[in-house]
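First comes the structure, then the notes that go with it.
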Amino acid sequence: MKQLAENGYVEFQTRNEAMGERIFTFTRGYVSITALDLVQKEMKRGGSIGLDVKTCCCTLRQTHGLPCAHEIVQYKRESCPIPLPSIDSHWKKLSCEPTTSTNSNAYYMGEISMLIKRFENSNNELKLDMLKKLKEISNPTTTTLVEQQVKAGTRGRPKNALARRQAEAEASTTTNPSSFELTSMFSKRKSRMLNQQ
């Protein structure tokens, strides 16, 4: 892949040799051709901007991580090539393969060791609780959590409200009135009716 990048750079360099540019010396074979083309366009823009940061606006630096016009002008004035660290790492990756880190599992080993220490130093009840939670994490279908039931129709009067009231009355825990209570209730009703007439 590096050979492919160097071949692409040779093509890029032949296009720029007429201008006599040596500004890309450090980036040869290490930065993508697309990035070099963007820097070259910014270099042309730098001729009219100069070192003025306000007119430069540094958009290429902010959006692409590449040197902007006023930086390139500064490098040219100092007669030094664009340094490789001034280019974002996105443009330095010359492979289509995903990058793999050698310490890819190092970031979570600390937390796991803390979990193991806590497990070893806890009592049996806490150990069982931790094991239960770890089982739920490792196999979500074994969770003890139950999804909350949502009431569908909560607006207006409930359907069959009269039937519910009758069922509640039948299922009431109050006792039936005694014969004494019944006779006193009937006598009070009779007296009220007589008084009304």
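The values are calculated or read from the model by the stated rules, or taken from the named source; none is laboratory data. In this text, all values refer to a predicted model and were calculated from it rather than measured experimentally. Cβ sites come from the backbone with ideal geometry, for glycine too, and all protein chains shown count toward neighbours. We work out accessible area using only protein heavy atoms, side chains counted, and drop any ligands, DNA or RNA first. Shrake-Rupley method; radii C 1.70, N 1.55, O 1.52, S 1.80 Å.
Descriptive notes on the structure:
- The gain in end-to-end length when the ILE137 to CYS58 segment is fully stretched comes to 23.7 nm, 0.36 nm per residue minus the alpha carbon separation.
- Spin-label pair SER122-ALA163: with each label point 7 Å from Cα along the Cα-Cβ axis, the two points sit 5.0 nm from one another.
- Probe 1.4 Å - accessible area at ARG189, Å² to nearest ten: 130 Å²
- Working from label points 7 Å from Cα in the Cα-to-Cβ sense, the ASN176 to ARG22 distance is 11.7 nm.
- Zone residues, the stretch 42-57, relative to ARG77, backbone N less than 12 Å from point 7 Å out along Cα-to-Cβ: 49-53
- For CYS80, CYS68, the ranking by accessible surface with the largest value first comes to CYS80, CYS68, using a 1.4 Å probe.
- Per-residue Karplus couplings for the stretch 22-31, computed as 6.51 cos²θ - 1.76 cosθ + 1.60 with θ equal to phi - 60°, are listed in order as 10, 6, 9, 4, 6, 8, 4, x, 10, 10 Hz, Gly and Pro entered as x.
- Probe 1.4 Å, all protein chains present, accessible-area order of PHE180, PHE24, PHE186, PHE119, largest first: PHE180, PHE186, PHE119, PHE24
- Candidate residues LEU115, LEU84, LEU60: accessible-area rank, largest first, probe 1.4 Å: LEU115, LEU84, LEU60
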